[in-house]
Structures are given as C-alpha cells and as structure tokens.
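Notes to accompany the following structure.
The values are calculated or read from the model by the stated rules, or taken from the named source; none is laboratory data. Given the structure is predicted, the values throughout are model-derived calculations rather than measurements. Heads up, the Cβs are rebuilt from the backbone with ideal geometry, glycines too, and the neighbour counts pull from every protein chain shown. Accessible surface is based on the protein model in full, side chains and every heavy atom, while ligands, DNA and RNA are left aside. Shrake-Rupley method; radii C 1.70, N 1.55, O 1.52, S 1.80 Å.
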Amino acid sequence: MASYALRSGAQLVTATPDVGDAAALLAYVNRVAAESDFLTFGPGEHGITLAEEVAFLEAGASTWRFLRKATIEGEIVGFLDLRRSPRPRLQHTGQFGISVRKDRWRQGVGRILLSELLDWAVSVGMRKIDLRVRADNVGAQALYRSLGFVEEGRVTRAMMIGGAFFDELLMGRVIDP
Ligand SMILES: CC(C)(COP(=O)(O)OP(=O)(O)OC[C@H]1O[C@@H](n2cnc3c(N)ncnc32)[C@H](O)[C@@H]1OP(=O)(O)O)[C@@H](O)C(=O)NCCC(=O)NCCS
C-alpha cells in the first residue's frame with residue numbers, strides 16, 4: 001500500500017485489490033466503460049459476473065500478474081492490470097490495461113499507477129512492456145510516451161464501435177539494466 005498527495009489536494013492510496021473489492025471493482029468497470037470509448041468494452045459489455053470477478057481476485061496478484069487499484073477516500077478511481085505468460089520464451093514481456101475515473105483525469109493517477117508498474121516490472125526481471133491503444137487516444141499516448149513507451153506498429157480495424165472501425169497503435173517500453 002502506498003499513499004500520494006495529488007495536485008488536486010486529494011490523497012490517493014494504491015494497493016493490490018483483494019476478493020473484498022470484487023463488487024466495487026465491477027461497479028468501477030461499468031462506470032469507466034461509459035466514460036470513454038477507449039476501452040475494449042462499452043457500458044454493459046464487460047461480460048464479467050460477480051462470481052468471475054471474485055475468482056479473478058482470488059487468483060490474485062503474482063509474479064505473473066500485477067494488479068493495482070487506486071482509491072480516494074475508499075472509492076476506486078483507477079485500476080491497472082498487467083499479465084505475463086509464464087512460458088520461458090515470453091515471460092520477459094507483458095501487456096497491461098489501465099483506466100482512471102473521468103472525474104479524476106489529469107490529476108496524476110495514471111502516472112502513479114504506471115510508475116508503480118514499471119518499478120514492479122524491474123523488480124521481477126521483466127525486459128519489455130507492451131500495450132495497445134486506440135490510434136486517436138492521444139491523451140493516453142502522451143502519458144505512455146512520457147514514461148518511455150514508443151510506437152512499434154499499427155493494427156487496422158482493431159475495434160469496431162457502432163459500425164465504425166478504429167485502428168490501434170502497438171506501443172512498447174524496453175527495460176534494460
Ligand atoms: C489514459 C488515462 C488512464 C490517463 O490517466 P490520468 O490519470 O488522467 O493521467 P495523468 O493525470 O497521470 O496524466 C499524466 C500525463 O499524461 C498526459 N495526458 C494524460 N491525459 C491526457 C489528455 N487527455 N490529453 C493530453 N495529455 C494527457 C499528460 O502529459 C499528463 O501530464 P500533465 O497532466 O501533467 O500534463 C485516463 O485518461 C483514462 O482512463 N482514459 C480512458 C480509458 C483509457 O483511455 N485507457 C487507456 C486505454 S489504452
């Protein structure tokens with residue numbers, strides 16, 4: 001658990017979520033799904049039941065998974081999830097997803113969650129972090145670039161929302177000793 005003073009004056013607490021967070025996390029996910037079109041799911045499209053969320057959290061964080069919730073006054077305002085494959089040829093890499101509640105955008109929450117991920121990635125010996133981001137999501141890309149991620153490719157028609165296609169950029173950050 002760590003605590004940070006945001007520039008808004010709010011106190012942000014980060015921690016690994018546990019089973020007791022399942023319902024709050026589902027509510028959070030449904031909320032952020034409706035707040036932008038930049039996630040891989042829209043409102044009601046996450047498709048995870050409470051039982052599945054409990055099972056997901058029971059499996060918990062490990063060497064192969066980094067989970068972090070960010071809370072303000074006990075309410076979840078941000079979430080980050082990275083998965084690594086345990087396969088020897090892939091375990092140096094991992095992909096993550098991140099979201100922050102819209103009323104807390106541009107207050108430094110995303111940067112804090114990503115910085116904690118980078119520290120963890122170094123500590124477990126990862127050598128590369130990958131992500132996919134919608135090509136028109138310039139805000140998220142600015143955050144990623146500011147932390148050393150670079151564009152590595154483009155996937156066309158990666159998402160289809162309401163009949164419209166959206167490309168995604170592949171971005172990555174190497175970790176070298
Ligand atoms: C992308 C997201 C996670 C960023 O979280 P955040 O807490 O707002 O980010 P931060 O406040 O830590 O921003 C850090 C820096 O990133 C850049 N940045 C973040 N959002 C930006 C935006 N909308 N426009 C331009 N730059 C932006 C800025 O450089 C910012 O620093 P500054 O505010 O000091 O200028 C958040 O906007 C979000 O959840 N968006 C919807 C879901 C999403 O896009 N997830 C990522 C999918 S790949």
The stretch 149-177 versus the stretch 60-137: alpha-carbon centroid distance in Å | 16
For the stretch 2-126, give the percent of accessible area contributed by carbon and sulfur heavy atoms, probe 1.4 Å, rounded to a whole number.
-> 52
Which residues does a label at Lys128 reach in the stretch 80-105, if reach means a backbone N under 16 Å from a point 7 Å past the Cα toward the Cβ?
-> 83-96
Please find, in a Gaussian network model of the chain (springs between Cα atoms separated by less than 10 Å), the residue of Thr14, Thr63, Thr93 whose mean-square fluctuation is greatest.
-> Thr63
Using a 1.4 angstrom probe and counting only protein chains, how large is the accessible area of Ile48 in Å², to 10?
-> 70
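Compute the signed sum of charges (Lys and Arg +1, Asp and Glu -1) over the other residues within less than 13 Å, Cβ to Cβ, of Tyr4.
Details: positive: Arg7, Arg68, Arg104, Arg111; negative: Glu116.
Local charge sum for Tyr4: +3.
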Ile161 versus Gln95: modelled label distance in nm, points set 7 Å from Cα along the beta carbon direction = 1.8
Where does the chain land at 222 nm, in deg cm²/dmol rounded to the nearest 500, when only DSSP H runs of n ≥ 4 count, each adding -39500 (n - 2.57), divided by all residues?
-> -8000 deg cm²/dmol
Modelled label-to-label distance, Ala59 and Ser3, 7 Å Cα→beta-carbon offset: nm?
-> 3.3
With a point put 7 Å past each Cα toward its Cβ, work out how far Phe38 is from Leu118 in nm, to one decimal.
-> 1.8
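DSSP loop chymotrypsin sites (Phe, Trp or Tyr not before Pro) in the stretch 51-139 with at most 12 other Cβ atoms within 10 Å of their Cβ, which ones?
Here no loop site has a sparse enough neighbourhood.
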Using only the Cα atoms of the stretch 56-148, build the gyration tensor, take square roots of its eigenvalues as a ≥ b ≥ c, and label the shape rounded, prolate or oblate: rounded if a/c is under 1.5, else prolate if a/b is larger than b/c, else oblate.
-> oblate
List the GluC sites (Glu not before Pro) in the stretch 48-83 that DSSP assigns to loop (not H, G, I, E or B) and whose Cβ has at most 11 other Cβ atoms within 10 Å. Which are they?
-> Glu73
Rounded, prolate or oblate (a/c below 1.5 giving rounded, otherwise prolate when a/b exceeds b/c) for the stretch 1-66 by Cα gyration tensor = oblate
How large is ³J(HN,Hα), in whole Hz, for each residue of the stretch 107-114 in order, when computed from phi with the Karplus curve 6.51 cos²θ - 1.76 cosθ + 1.60 and θ = phi - 60°, using x for Gly and Pro?
-> 10, x, 5, x, 5, 5, 4, 5
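Cα gyration tensor of the stretch 2-126, axes a ≥ b ≥ c as square roots of the eigenvalues: rounded (a/c below 1.5), prolate (a/b > b/c) or oblate?
Here the stretch 2-126 falls in the oblate category.
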Please give the per residue accessible area of the chain, computed with a probe of 1.4 Å over protein heavy atoms only, in Å².
-> 54
